[in-house]
Amino acid sequence: MSLAVEVTDTFEELRDTVARLHGELTRYELVIWTAGNVSARVPGHDLMVIKPSGVSYDALTADAMVVTDLYGEVVHGELAPSSDTAAHAYVYRHLPEVGGVVHTHSTYATAWAARGEAIPCVLTMIADEFGGEIPVGPFALIGDDSIGRGIVETLRSSRSPAVLMRNHGPFTVGRTAADAVKAAVMVEDVARTVHIASALGKPEPLSEQDIDRLYARYQNVYGQGEK
């Protein structure tokens with residue numbers, strides 16, 4: 001099989017996957033209108049699949065997805081890619097273990113980002129999925145790779161697959177695009193819970209020892225052996 005056919009087959013599968021995963025963002029009410037995006041790295045190639053810019057979620061079919069290189073240049077697709085393409089591309093260039101990136105403006109997580117405040121690790125769910133507090137990244141303007149730089153700088157010193165970009169919203173990463181979507185769903189859930197808990201009083205953080213134990217169990221033991 002030629003390289004061109006292999007890449008085309010991968011494009012078709014990933015474009016379908018990325019289109020379907022955008023439906024999860026609306027299902028869990030993490031986005032409104034045309035905001036937010038999901039991308040996936042093309043395995044074995046310096047390419048990614050990402051949502052087009054400013055297109056209704058109802059119109060996000062597999063054919064609408066855009067393929068770019070890891071500098072945001074379109075290599076396949078008729079539409080302009082997401083305005084966050086440069087940020088996604090920077091993450092893929094600098095975090096080779098990442099296979100999927102998601103950005104939302106989900107209400108509670110974005111409220112924490114607006115405050116510039118990390119979500120403290122006060123729940124076992126936070127320890128399980130995020131390995132500690134959910135950190136805040138620096139403020140950066142949209143349009144170049146500044147947001148991507150902030151994401152990478154923040155996540156390199158954290159076990160968290162999520163970062164709250166200051167005054168903007170959450171970005172999540174994962175081994176796959178589906179993993180990144182899961183992290184986006186979970187960061188909004190714990191952001192809401194910790195907000196409510198904080199309104200009732202001061203939540204008690206978990207100890208570092210307990211966080212390490214919970215994280216190791218969830219990442220290595222929990223489930224059916226394949227995440």
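The values are calculated or read from the model by the stated rules, or taken from the named source; none is laboratory data. Note that this is a predicted model, so its numbers are computed, not measured. Note: areas computed on protein heavy atoms with side chains; ligands, DNA, RNA excluded. Shrake-Rupley method; radii C 1.70, N 1.55, O 1.52, S 1.80 Å.
Accessible surface of HIS76, taken over heavy atoms with a 1.4 Å probe and every protein chain present, rounds to 80 Å². Sorted largest first by accessible area at a 1.4 angstrom probe radius, with every protein chain in place, the residues GLU188, GLU73, GLU78, GLU117 fall in the order GLU78, GLU73, GLU117, GLU188. ASP46 contributes an accessible area of around 110 Å² to the protein surface, as traced by a 1.4 Å probe with all chains present. Please work out, to two decimal places, the log10 of the ratio I(q)/I(0) at q = 0.12 Å⁻¹ from a Debye calculation in which every Cα of segment 1-81 carries one identical scatterer. With one equal scatterer per Cα and no solvent, log10 I(q)/I(0) is -0.32.
Overall size of segment 114-227 from C-alpha positions, given as principal axis extents largest first: 40, 38, 22 Å. For segment 61-147, taking Cα atoms only, Rg and Dmax work out to 15.6, 46 Å respectively. At full extension, ASP46 and LYS202 could sit 51.6 nm farther apart than now, given 0.36 nm per residue minus the alpha carbon distance. Taken over the alpha carbons of the chain as equal point scatterers, the Debye sum produces base-10 log I(q)/I(0) values at 0.10, 0.12 Å⁻¹ of -0.43, -0.62.
Taking the C-alpha atoms only, the angle from helix 208-220 to the longest principal axis of the chain is near 40 degrees.
Residues whose amide H lies under 5 Å from that of HIS76, counting only those 5 or more places away or on a different chain, are VAL67; hydrogens are built 1.01 Å from N in the peptide plane. Remark: the ARG156-SER53 segment gains 34.3 nm on full extension, using 0.36 nm per residue and subtracting the alpha carbon distance. Computed from backbone phi with θ = phi - 60° and the Karplus coefficients 6.51, -1.76 and 1.60, the 3J(HN,Hα) list for segment 184-201 is 5, 5, 6, 5, 5, 5, 6, 4, 5, 5, 5, 4, 5, 4, 5, 5, 8, x Hz; x is used for glycine and proline. Taking only the Cα atoms of segment 8-135, the ratio Rg/Rh comes out at 1.00, with Rh defined as the Kirkwood radius. Stokes-Einstein diffusion for segment 57-97 at 4 °C, viscosity 1.567 mPa s, with a Kirkwood radius from C-alpha pairs, works out to 118 µm²/s.
Normalised Debye scattering of segment 144-196 at q = 0.20 Å⁻¹ gives log10 I(q)/I(0) of -0.74, counting only Cα atoms as equal scatterers and leaving out solvent.
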